[in-house]
Amino acid sequence: MKIYYLITLILCCNFIAHAQQDNLMISGQVYSGENKQPLGGVTVRLMGKGTLGRSTLDGKFKIKVQSLKDTLVFSSVGFIEREVAVSFFGRETPLFLERQVNYLEEALVSTGYQTIKARDITGAVEVVSADVLGQQTGLNVLQRLNNVTAGIRFDNQPINNPDLQKLNFSVRGLSTINGNLDPLVVLDGFIYEGAIGNIDPNNIESVSILKDAAASAIWGARAGNGVIVMTSKKGGIGLARQVKISFSNTSIIRQKPDLNQLYQPSSRDFIEVERMLFDGGYYDTFLNYLPYY
């Protein structure tokens with residue numbers, strides 16, 4: 001009989017000890033690592049579980065844990081999140097959170113002749129970095145600017161007058177009727193007159209878009225339609241000598257052409273083909289033997 005009571009007592013003690021271990025109360029105090037002042041409103045979370053707590057105005061907190069092997073996560077706005085094991089805490093153990101410092105990279109605007117800070121320039125200017133261009137898809141730089149910058153209008157319709165307009169976009173709308181409608185394109189400080197498709201968008205470091213009339217003071221009357229200043233990537237002094245290999249792939253999905261459908265060229269295309277045939281002498285035979293009445 002005594003053995004029976006002894007076994008029952010041992011089992012009850014184990015059950016109570018297990019129950020106490022599953023309901024451990026951990027307390028402590030959170031301080032700022034910068035000025036050693038108590039931090040209030042710090043969120044205390046038990047990792048992997050839904051138990052939450054919050055520190056008071058004097059930085060003190062209490063939270064229930066299930067085991068000494070658990071981990072507490074302390075987080076607050078403006079401070080670095082910290083993970084601490086439950087076994088770290090004793091009686092009113094102090095905990096310090098370090099302030100999180102975020103540095104904003106200041107944008108540099110390239111006007112073609114000089115590179116200055118965005119806050120020091122007057123006028124409407126927008127800068128697009130290489131990271132933003134890399135997130136877009138397009139065969140050239142201008143296609144990647146679509147839906148990224150404000151004030152630029154892209155026209156998907158075919159160009160009616162290629163002598164006055166070679167690009168299918170405009171900055172701040174149209175500035176003239178009979179003159180050149182294209183914005184001025186500047187590459188590494190020089191006016192670029194070639195095809196935009198020849199510029200690899202992956203080699204562009206930044207694109208500065210000069211939108212207002214202040215650009216005319218730099219580039220003259222040709223800047224009336226806006227200026228697109230592109231700066232290509234280049235090496236620098238003191239940079240680490242590292243070999244970087246990058247790969248990019250662009251896929252375009254189009255509708256399958258219907259070979260049974262008769263192609264109907266537009267009036268402009270038809271006239272261009274007839275002009276090409278006439279200049280090439282295709283109709284000379286018919287004109288020489290054509291009777292005159």
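Structure summary
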quantity: Sole exception among (1) closer than 29 Å to Q136 by Cα; (2) modelled with pLDDT under 70 for I237, by number; calculated: (1)
quantity: Complete set of residues in segment 57-94 that are modelled with pLDDT of 85 or more and of a type in the set (S, T, Y); calculated: T71, S75, S76
quantity: Single residue of R275, R268 found to be at pLDDT 80 or above, in a helix (DSSP H, G or I), outside the structural domain of V171 (by TED's automatic domain parsing) and not aromatic (F, W, Y); calculated: R275
quantity: Hits in segment 47-91 (condition: more than 35 Å from the chain's Cα centre (by Cα), of a type in the set (F, W, Y) and not in a loop (DSSP other than H, G, I, E, B)); calculated: F61, F88
quantity: Unmet requirement for I26, which otherwise passes all of (1) at pLDDT 80 or above; (2) among the β-branched types (V, I, T); (3) not in a strand (DSSP E or B); calculated: (3)
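The values are calculated or read from the model by the stated rules, or taken from the named source; none is laboratory data. Just so it is clear, the model here is predicted, and its values are computed rather than measured.
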